[in-house]
Amino acid sequence: AHEFSGGLAVGRVGKPRRLDAATVEVGVAMFIDTTGKPAFDGEFRVASSFSEGLAFVQRLDESPAYIDTTGKVVIERRGWAHQFTDPIGLESASFHEGLALTDTKTGFVHVPAWALMDATGAIVAPLPYARTFPFTEGLAMVMAGKLKMRYGFIDKTGKPVVEPKFKSAWPFSQG
């Protein structure tokens, strides 16, 4: 199980099954309360911890959404959720300082079109970056480039505050 947030944690149940030659799915994700019992009906392929009252989930049909602590879908998303299945991606898809990263593009041949989204599901700003990290202290670290990655920082409108020019960087913490 993941750490508790808002009185709930993500747990996995069921037997592992092979999805393809490279991917093994370890049961299904569900939310549990502090007694270990299911908090509400709902099983997911992927689920993040709750952040700012919402959790990112990828449903069993692979469609992405955000749910509240009762399991109700609050923000319906179209498109792909595969980029959010690793721990860094799940953290970026979670809300931090009122914003989350989302992919606005759909289609069979998929090249992500990243954007910042607010808690109503409205797109705040499109992002031209390869990766965007969660907001801390009003700034989000971004990674730009394809072969020669560089890091910088954007504000909550998506505008660069520090252009991506550094070989490495870390999010702001305590000033």
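Just so it is clear, none of the values below were taken in a lab; they were calculated from the coordinates. Being a predicted model, the structure only gives us computed values, none of them experimental. Virtual Cβ from ideal backbone geometry, glycine too; neighbours counted across all protein chains shown.
Below are the figures for this structure:
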| read-out | value |
| --- | --- |
| Within segment 36-69, backbone nitrogen closer than 16 Å to the virtual label 7 Å beyond the Cα of residue 104 toward Cβ | none |
| Label point 7 Å beyond Cα of residue 172 along Cβ direction - residues of segment 136-156 with amide nitrogen under 14 Å | 136-142, 152-156 |
| Simple label model, 7 Å out from Cα along Cβ direction - residue 165 to residue 148, nm | 1.4 nm |
| By average C-beta atoms within 10 angstrom, highest first, the peptides 61-68, 122-129 | 61-68, 122-129 |
| For segment 95-175: rounded, prolate or oblate by the Cα gyration tensor [a/c cutoff 1.5] | oblate |
| Estimated FRET transfer efficiency when R0 is 35 angstrom, pair residue 72-residue 13 (beta carbons, to 0.05) | 0.95 |
